[in-house]
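Participant: Input: one structure, supplied below.
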Amino acid sequence: MKLDVKLFARAKDLAGADWVQLDVSDSANVGDLRNALIERFPDLSPLVPRLLVAIGTDYADDQTQLHPGAEVACFPPVSGG
Amino acid sequence: MKLDVKLFARAKDLAGADWVQLDVSDSANVGDLRNALIERFPDLSPLVPRLLVAIGTDYADDQTQLHPGAEVACFPPVSGG
Amino acid sequence: MIKLTRHEIDYAVLTESVRSQQSGAIVLFLGTVREMTNGHQTVALDYEAYHEMAEAKLAEIESEARKMWPVDRVGIVHRLGHLELGDISVAVAVSCPHRHQAFEAGKHLIDRLKELVPVWKKEYLNDGTSAWVHPCVKSADHAVSAAESATENRGNDLLQSTRKPE
Amino acid sequence: MIKLTRHEIDYAVLTESVRSQQSGAIVLFLGTVREMTNGHQTVALDYEAYHEMAEAKLAEIESEARKMWPVDRVGIVHRLGHLELGDISVAVAVSCPHRHQAFEAGKHLIDRLKELVPVWKKEYLNDGTSAWVHPCVKSADHAVSAAESATENRGNDLLQSTRKPE
């Protein structure tokens, strides 16, 4: 399935885009998505172990299953406030 | 010695005055002052065990020695804020 | 800025007075006149102070906080006179480099103000009665814990009530 | 009132929005842009957010606080875009019946905001460099404690620096 992934902050800068379309298997989970992302943007690799993933407005761990149409976002640890 | 004693809040209301002049011995301490006060205003008696005494801008305990010209104030526990 | 006032407290002015580029955190505490306390209904409060001593004690508690935290600026204003429901009775503002310092210092300042500063409130209830609020303190004879009042601490002193119909 | 804004934060409006006759205590926290952090000098910050998720997380932490304390009203505003020294980046206001509840709830709200809400700051230093601040988090490979930034939490992420002369 194809998933649009939003990128923010340094992830956006390193990828040079604020979103990216990734092609992952229909049974892919969030861990697989991380791997697809780093394959597509090797410059993101220093960030990837710490990259947070959200589906909709919730944080998702690597075991979380992806589904078509999921609103996915990847970003580094937050630093608001 | 004669001392002017300021009164506040319920102490003022019970005594019916915002200050009172008390005559105490030259060696009197704050405990003696309490006794002189209750003798002068028996209506204050329910308050006296809890009445706070300040000399100048500091709280004083019963053992604190009084001296002529001391700025003395007596008042119930504070309830500001 | 430390002061007692008979006018409405302008907490924005107070807050601006503690802003600083050296500090990343400001905490402002406002005490306001609350309607319901343990089932009784407050309609107004009168505050009275021993003015000179109150200002001296406020300065003391500011010094105390400065010894405990890296406090940048402090502002404390206590209102006196007649207050209606919802009015601000006290405002404490503090700035510190980091937020946990500002929270701790702010909490300390208002806690100590309520313990030390010679200010008293007289409470007017909706049943037409009124009474001075005098939280109980430990003495040789009594060791009674303080309860709640229409702002924060009500004394059990109402046991020895001076309430009378108005 | 929960919102993200590109305009200056009006904390008086926010504070008024949490006033209530049912509450005797209001705590307002302001985060401001601090100049000095661990010997380096900040000149400005840029804030960016994942807007929809940030608003959802802010609503979540409000609910969380309501489960833990008798919170009356809550207001949270986070500023986005370009901020100069001393500017207010975030304002959190909360009202509760009693002051200790308001202090604890206010501290919890800003602590959780900094943990959970997808907002990031990019820091501009006086040496012409800039870098995103990304506090370190524990992962399988790394367990690094967060340090301090020009508002509150600086990440050690500067180790893998993206800083370049402007």
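Any read-out appearing in this document is the output of simple, stated calculations on the displayed coordinates, not a laboratory observation. Predicted model only: the values in this text are computed from it and were never measured. Methodologically, a virtual Cβ is constructed for each residue, glycine included, from the backbone with ideal geometry; neighbour enumeration extends over all protein chains shown.
Participant: Describe numerically, in nm with one decimal, the distance between label points set 7 Å from Cα along Cα→Cβ at B:Trp19 and at A:Ser45.
Facilitator: 8.4 nm
Participant: Find how many whole Å separate the alpha carbon centroid of the range A:34-81 from the alpha carbon centroid of the range B:39-53.
Facilitator: What the calculation gives is 71 Å, centre to centre.
Participant: What do you get for the angle between helix B:30-40 and the principal long axis of chain B? Use alpha-carbon atoms, 0 to 90 degrees, nearest ten.
Facilitator: Tilt of helix B:30-40: around 60 degrees.
Participant: Once you order the gyration tensor axes a ≥ b ≥ c over the Cα atoms, which shape class does the range C:72-118 get: rounded for a/c under 1.5, otherwise prolate or oblate by comparing a/b with b/c?
Facilitator: Details: a/c = 2.58, a/b = 1.95, b/c = 1.32.
It comes out prolate by the Cα gyration axes.
Participant: Got the B:Asp58 label distances to the other copies yet, label 7 Å along Cα→Cβ, in nm, shortest first?
Facilitator: Distances between equivalent label points, in nm: 6.3.
Participant: Stokes-Einstein diffusion coefficient for the range C:1-65 at 10 °C in a medium of 1.306 mPa s, Rh from the Kirkwood formula over Cα pairs: what value in µm²/s? Write out the running numbers ahead of the final one.
Facilitator: Details: Rh = 14.8 Å.
Estimated via Stokes-Einstein, D reaches 107 µm²/s.
Participant: Next question, about the same structure. Tell me, what is the FRET efficiency for D:Asn38 and C:Asp46 to the nearest 0.05, using R0 = 56 angstrom and their Cβ-Cβ distance as r? Mind showing how you got there, number by number?
Facilitator: On the way: r = 50 Å, r/R0 = 0.89.
Approximately 0.65, to the nearest 0.05.
Participant: Amide H neighbours of D:Val90 under 5 Å, counting only residues 5+ apart in sequence or on other chains, H built in-plane at 1.01 Å?
Facilitator: Sorted by chain and number, the residues that satisfy this are D:Gly31, D:Arg79.
Participant: A further question on this structure: Using 0.36 nm per residue, how much length does the chain from D:Asn126 to D:Ile2 gain when fully extended, once their Cα-Cα distance is taken away?
Facilitator: Values: separation 124, 0.36 × 124 = 44.64 nm, distance 3.31 nm.
Difference between extended and current length: 41.3 nm.
Participant: Rg/Rh for chain B: what does it come to with C-alpha atoms and Rh from Kirkwood? Working shown, then result.
Facilitator: Numbers: Rg = 11.5 Å, Rh = 12.5 Å.
Expressed as Rg/Rh, it is 0.92.
Participant: Taking the C-alpha atoms of the range D:37-83, how large are the radius of gyration and the largest Cα-Cα span, Dmax, in Å?
Facilitator: According to the Cα coordinates of the range D:37-83, Rg and Dmax are 15.1, 41 Å.
Participant: If I take the rotation axis that carries chain A onto chain B, which residue of chain A has the nearest beta-carbon, and at how many angstrom?
Facilitator: Reported as residue, whole Å: A:Gly81, 14.
Participant: Any chance you could get the radius of gyration and Dmax over the Cα atoms of the protein assembly as shown, in Å?
Facilitator: For the protein assembly as shown, the Cα radius of gyration and maximum Cα-Cα distance read 28.3, 97 Å.
Participant: I've got another one for you. Per-residue counts of other Cβ atoms within 10 Å, averaged by peptide: what ranking do you get for D:44-53, C:86-95, C:12-21, highest first? Walk me through the numbers before you get to the answer.
Facilitator: Numbers: D:44-53: 19.6, C:86-95: 24.5, C:12-21: 17.3.
Output ranking for D:44-53, C:86-95, C:12-21: C:86-95, D:44-53, C:12-21.
Participant: How big is the Cα convex hull of the range C:1-120 in projection, averaged over all directions, in nm²?
Facilitator: On the way: hull surface 29.1 nm².
Quarter of the Cα hull surface area: 7.3 nm².
Participant: Then there's this: If contacts are Cα pairs under 8 angstrom and at least 6 residues apart, what is the relative contact order of the range D:1-145 in percent?
Facilitator: It comes to 34 percent, rounded to a whole number.
Participant: Report the FRET efficiency, 1/(1 + (r/R0)^6), for B:Ile38 and D:Glu16, where r is their Cβ-Cβ distance and R0 is 56 Å, rounded to 0.05. Don't skip to the answer; put the middle values down first.
Facilitator: On the way: r = 48 Å, r/R0 = 0.86.
Using R0 = 56 Å, I get an efficiency of 0.70.
Participant: Mind listing the label-point distances from C:Gly39 to the same position on all other copies, shortest first, one decimal in nm, points 7 Å along Cα→Cβ?
Facilitator: Computed spacing set for this position: 6.3 nm.
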